[in-house]
1. Would you mind computing the Rg to Rh ratio of the range 8-450 from its alpha-carbon coordinates, Kirkwood style for Rh?
2. Using a simple charge model, +1 on the beta-carbon of Lys and Arg, -1 on the beta-carbon of Asp and Glu, nothing else, what dipole does the range 8-450 show about its Cα centre, in debye to the nearest 20?
3. Among residues other than Tyr155 whose Cβ falls under 15 Å from its Cβ, what is the net charge (Lys/Arg +1, Asp/Glu -1)?
4. For the peptides 223-229, 541-547, what is the packing order when you average, over each peptide's residues, the other Cβ atoms within 10 Å and list the highest mean first?
5. Which of the aspartates and glutamates could be linked to Lys93 by a straight reach, that is with a Cα gap under 14 Å, when you skip same-chain ones fewer than 8 residues away?
6. Give me the three principal axis extents of the range 454-514 from the C-alpha atoms, as integers in angstrom, largest value leading.
7. Quickly rank 569-577, 241-249, 253-261, 98-106 as a protection proxy: mean count of other C-beta atoms within 10 Å, highest first.
8. Rank by packing, highest mean first: peptides 268-274, 516-522, 801-807, with packing defined as the count of other Cβ atoms within 10 Å averaged across residues.
Amino acid sequence: MIIKNLNRVITALFLCCASIILNPGLLFAQAGVQGTQQNVIKWMWVGGLRSWFSNSGSEGEYFRRDRTTYVAQDQIDGMLYPGEYNNRMKGVKISKAFWLGTTNFLDPVSNVLYPHKIISAGPAGVYMGTEIIAEESFGNVGIKMLGKFDHPNVYVDNTNSSVIEFNDEVDEIDDALPSDRMLISKFHTSIGITVTRKIIAFSQQYHDNYYIYEYTLKNTGIIDRSGEQKINKTLTGVVFYLLGRYSFAGESYTGTGVGDWFPAGSSWGRNTLIDHVGQDESHLLAPPNDFQAMLTYYGPHSSTLFGSPLSDIGLPGPRATNVLTLAGTQFSGIVLLHADKAPGDTTHDKSKLISTVSVGADATRDITNSPGFQYNQATMTRKYLEYMTAGHPNQTLAEQVGKDPVTGWPNAYANTFGTDPGGSIATQGFGTYDLAPGDSVRIVVADVVAGISRNKILEVAENWFTNNTSEFVLPQGYKNGTTTTDRDEYKNAWVFSGKDSLFQSFRRAIATYNNNYNIQQPPPPPDNFEVNSGGDRIRLSWSSNAESWPNFDGYRVYRAEGRNDTVFTQIFECSKNNVVNSYDDKNAIRGFNYYYYVQTKDNGSTNDIEPGVPLVSSKYYTMTSNPAYLTRPAGVTLTTVARDTFYTGDGLTTEFILPMSVADTSGTVIHGLSINVNGVKQIPASYSVTFDTLRFIKAPLGTIEVKVISPTEERSYKLSEIRIVPNPYNLKARNIQFGENDQTTLDRLAFYNLPPVCRIKIYTETGDLIETIEHTNGSGDDYWHSLTSSRQIVVSGLYIAYFEVTEDYSDDITGEFLYRKGDSIFKKFVIIR
């Protein structure tokens, strides 16, 4: 198996050590990844949760791409769930960072004894090579991806079309891996602690919305790129501190600036709410939710047009159009799975969670903006005492802003709380530990994103916006009944059922960790999936590698129209008893784009969460990124003009001798026969056909219908039958022509009934040639997207299309020429923009 290794490498800036010590202010303008080592990025892409990771051990603001170029696009960047909606939203992550601190540290570089020495990897910057030192002998500059198996080959019309092809970069296959993917990074720090971070991801449908992080902190004494021990001392008061900045603008923020409608400041988390559970006695929850976790979610914004904080829960909108959605329905959080009690004692110790304060994102940039302060004594002491070991506030940020004591819903505007214009950063501090040389401790957390489904979002938004006065159905288990006539109660109950889903995922992650990552696995996906456009169908085929899996029970095929970041609909299913490895989609409509995926499934016997429900392979393994569509056979179809009906009994063979041509119900002329058995199946043949009675004859008496077309009324191979659709093209109708959800077809014009091979030239009314299309695929269709050869959109006006046959084309049975090279015709069409 060929393993792809196309790691994204970002060239680092070079700064000298003296500039870090002497001029920290310079670094404010240069926040991001800096230093003398490469910043290597790898993605986790196989499950529903999609995000990127850096060999620096942190994923801070603009760590993936530079701030100057991508200031708008990457304000939110990662932790996207569900992953297929990457064209509609950017995720919930602004930054993920960590600080690592110790006490009474004699720094070997500055030769200063610091009461508190802090290493910072984000949120706003990191310095690689001297503060964070990637282990260059491990993987690709300190980072490596392991996979249980490689992702499948996915093709649409012979073109690579996997949605994960270029972002699932597996370096090593390990079929004994308990998870689908494991990303390992290893780096040293300037205080002599080496950190090994393992990120574990599953694609099984009940476990694909979280990552498990294992952090191992070991006192190696390595402080630079030499890889040699330079410090040999016990590190005291060691604290590991996680920081996360989140946004829940959702699909109101695309990063493109086109059609955005997010409330001011929401893209950088000004209104994000932060809550904690289990951190102290006053925040303990009853089993099964007796865990320690941080959670974040959308807080009501004062710019709402709907009158109250309760109305803005879930971010209904967009405000400026008639599109009905809820953009802020997701919940994100980190749950503690394990914290060693001490070096050599792996007992889980809940008391190691020692700090859950919220950090102001902007007002304290001197605290959060690494890497300029690892030699600033006052700043490091402030970090250690005011944040890393600060304990647990009496009230969480969500409680300070205001939330209903019964429902937990926010009841005040979050963006007007406090004075920090950047909002707040959620934190969790673990410690303290004393690490002698060679000692290590392990901290394990799960990072989760959850919420209501896309279908439920659209359903609730539709009901809420239309203000239906009938009773709304509330989520199962809701405390205040099963129905309500209060539209805000209805909306908010459903939005906050996403919090229940978050807690459910916390419990699943805890169980997974406690079971050594051994979860029930679905059959693997087909390792090859092909989709091919056709004239009367789109043909799908896949490999059979999963069929030897224990409890394998067939396949399911799903399809989406117009775009692949939308809801897919199941169109086919087979079981082990009637298993096939192909499917013809005959219900596609010409002119529309279609996307597909195929899933393997088991018989449900191994499902320990919903017994009897099949476990299925991840849809992302086979989801297509390029569209398939119907092509049209060359020429034009005429209507049936004659009909006769023949009857047959139990005979297995029936002969017809008809000195004429017939067409099947799709209109395709076959020089022989096409028959329809009981209106169910069409079989092309040459004057005779043999039936399989087990397939076709349902009763002793069946019917065979033959549609007859006289020889003079066969398919017309005339250039005069070429059609341009729509004509006229009207910009105001662009959303309904070839799919209202498909952005790729908004400017499309179709040319139908074409010769199989021809040249299409498009001229302005004054005779200027603006585009040439070479039609060579043998179909009767081609498309133009209103662009000139210089990729400029055309203006309103009259246009002329010139069609010229470029190859002779003859009937493959009679040899009669149907099109001759050089035949041509002009057609006019109008564009109104």
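Each reported figure results from applying straightforward, stated rules to the coordinates on display, with no laboratory input. Remember, predicted model here, so these are calculated numbers, not experimental data. Backbone-built Cβ (ideal geometry, glycine too); neighbour counts: all protein chains shown.
1. Checking Rg against Rh, the ratio lands at 0.95.
2. It works out to roughly 680 debye.
3. -3
4. 541-547, 223-229
5. Lys93 reaches Glu59, Glu61, Asp74, Asp77, Glu251, Asp447.
6. So the extents along the principal axes, rounded to whole Å, are 48, 24, 13.
7. Going from most to least packed, we get 241-249, 98-106, 253-261, 569-577.
8. The peptides rank, most packed first, as 268-274, 801-807, 516-522.
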